[in-house]
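> Following this message is one structure expressed as structure tokens.
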Amino acid sequence: MTDQTPANTAEFDPGDFLVVPARTFEDLRVGEVFRAPSRTVTDAHAAAFQTVSADNHPVHYDAEWARKRGHPAPVVHGLQVLAFTAPGATLFPHFIGEVFISFLELSCTFLAEVHSGDTLYPALTVTALEPQGDNGVVVTAATIHHQRGELVLSGQHKYLLRRTA
């Protein structure tokens, strides 16, 4: 058996394939926005989430049940909408990948219903940077608007990062 390794592998650096240059806690700035690509929620998404979550409330799948109770259509699961704020849906984890320790907490308020066919526009905005010794907490506002510009979810995430890479 012969060695199939090309001679130029010494020139290869996986770091050259980062999506964005790595940053540290100190490189982040209050007011920075990390947007996720827009996503249109479909019936298939809602059905898949219903299967995974085991949430079988008829407001999520029965159009007649929903209409009789004042909803124009079945309502997308709130936790599914919240999932659109996952940091991995944005470039944020690519920026902080080397210093990320953990996702500490989240909170949110559901401000308007989301229905199949709605297009969601999630964003994370850095609102605070709290140094804590060798680490730091990044606080972000998590927001989602839909295609008509209405804010449908408002919340907050907190992440623990090392202060140096």
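> What fraction of the Cα pairs in segment 84-124, stated in percent, has a spacing above 11 angstrom?
Cα-Cα pairs of segment 84-124 separated by over 11 Å account for 75 percent.
> Further question: Report the Cα-based extents of the chain along its three principal axes, largest first, to the nearest Å.
68, 51, 28
> If one takes the longest principal axis of the Cα atoms in the chain, at what angle in degrees, from 0 to 90 and to the nearest 10, does the Cα axis of helix 43-53 lie?
For helix 43-53, the angle is close to 80 degrees.
> Please list, in chain and number order, the residues 5+ apart from Ile101 or on another chain whose amide H is under 5 Å from its amide H, with Hs placed from the backbone.
Distant-sequence amide H within range of Ile101: Leu160, Leu161, Arg162.
> Tell me, what HN-Hα J-couplings in whole Hz come from the Karplus equation 6.51 cos²θ - 1.76 cosθ + 1.60 at θ = phi - 60° for each residue of segment 57-69, using x for Gly and Pro?
5, x, 4, 8, 9, 9, 4, 5, 4, 4, 4, 5, 10
> Determine Rg/Rh for segment 51-148; Rg is computed over alpha-carbon atoms and Rh is the Kirkwood hydrodynamic estimate from the same atoms.
Numbers: Rg = 17.0 Å, Rh = 15.8 Å.
Rg/Rh: 1.08.
> What Kirkwood hydrodynamic radius do you get for segment 15-67 when you take the inverse of the mean 1/r over all pairs of distinct Cα atoms, in Å? Don't skip to the answer; put the middle values down first.
Values: mean 1/r = 0.0646 Å⁻¹.
Here the Kirkwood hydrodynamic radius works out to 15.5 Å.
> Rounding to the nearest 20 debye, state how big the charge dipole of segment 1-118 is about its Cα centre with +1 on each Lys and Arg Cβ and -1 on each Asp and Glu Cβ.
It comes to approximately 660 debye.
> Can you report the principal axis dimensions of segment 116-165 using only the alpha carbons, biggest first, rounded to whole angstrom?
The Cα atoms of segment 116-165 stretch 45, 17, 12 Å along their principal axes.
> What's the local net charge at Thr140, with K and R +1, D and E -1, over the other residues with C-beta under 13 Å away? All intermediate terms of the calculation are to be shown ahead of the outcome.
Working: positive: Arg29, Arg35, Lys158; negative: Glu32, Glu105, Glu130.
My count for the surroundings of Thr140 gives 0.
> Averaged per residue, what accessible surface does the chain expose to a 1.4 Å probe, in Å²?
Result: 58 Å² of accessible area for each residue.
> Right, something else. Considering only protein heavy atoms and a 1.4 Å probe, what is the carbon-and-sulfur percentage of the accessible area of the chain?
About 56 percent, which is the carbon plus sulfur part of the accessible surface.
The values are calculated or read from the model by the stated rules, or taken from the named source; none is laboratory data. Treat the numbers as computed from the prediction; the structure is a model and nothing was measured. Counting neighbours? That spans all protein chains shown, and the Cβs are built from the backbone with ideal geometry, glycine included. Remember, those area values only see protein heavy atoms, side chains included, never the ligands or the DNA or RNA. Shrake-Rupley method; radii C 1.70, N 1.55, O 1.52, S 1.80 Å.
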